[in-house]
Amino acid sequence: MPKQKLLLSLIMLISIIPFSKASVSPSSFKTYLSEDHPRTSKENLRIAQMRFYTSLSLKEYQTLKGKKLNFIERKLFKASQQRMNKMLKAYDDGDGPTILQKMSWYLKGLVLGPIAVLLAYIFLKDEERELIKWTWFGFIGFVAAVILVIVSLSNTR
């Protein structure tokens, strides 16, 4: 999660600073707004900025930045574009896991406990962190149930 916030902050910084030096206006983002997903205007602007950033070539980015990038900066630019493309693909595919998926991983965590958490980390991808979170919620319920059983057994003796 902190990586995503850092990445979005970096995108915003990269998106805002070059426009003060270049002749590109924020109105060019309007072509990148997606009408498929009605969202708030702030979120639409963020998505538009991400689409604009991912569509930039290296030469265009260097022009907007106002300087030539070194080797590491070029690799970081390409890596951030790829990561952003994955984020946009997840956005276009939908909002994430459904309620049934969340509940199924919650129940797995509740019934199987630590085994379910281990299975979640093995089988779920990095983009499915939301389901891992729900597995942990189920695991917390599992721990609470075990504690209740231990306390109730100790009180009957």
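In this structure, the residue pairs whose Cα-Cα separation is over 32 Å, taken from Lys65/Lys102; Lys42/Lys125; Lys75/Lys108; Lys65/Lys125; Lys67/Lys133; Lys67/Lys89, are Lys65/Lys102; Lys75/Lys108; Lys65/Lys125; Lys67/Lys133.
If the segment from Val151 to Lys65 were pulled out straight at 0.36 nm per residue, it would be longer than the present Cα-Cα gap by 24.6 nm. The three principal axes of the Cα atoms in region 99-156 give end-to-end lengths of 46, 21, 12 Å, sorted in falling order.
A short reminder: the numbers here are calculations on the coordinates, not readings from a lab. No experiment lies behind these values; they were computed from the predicted model shown.
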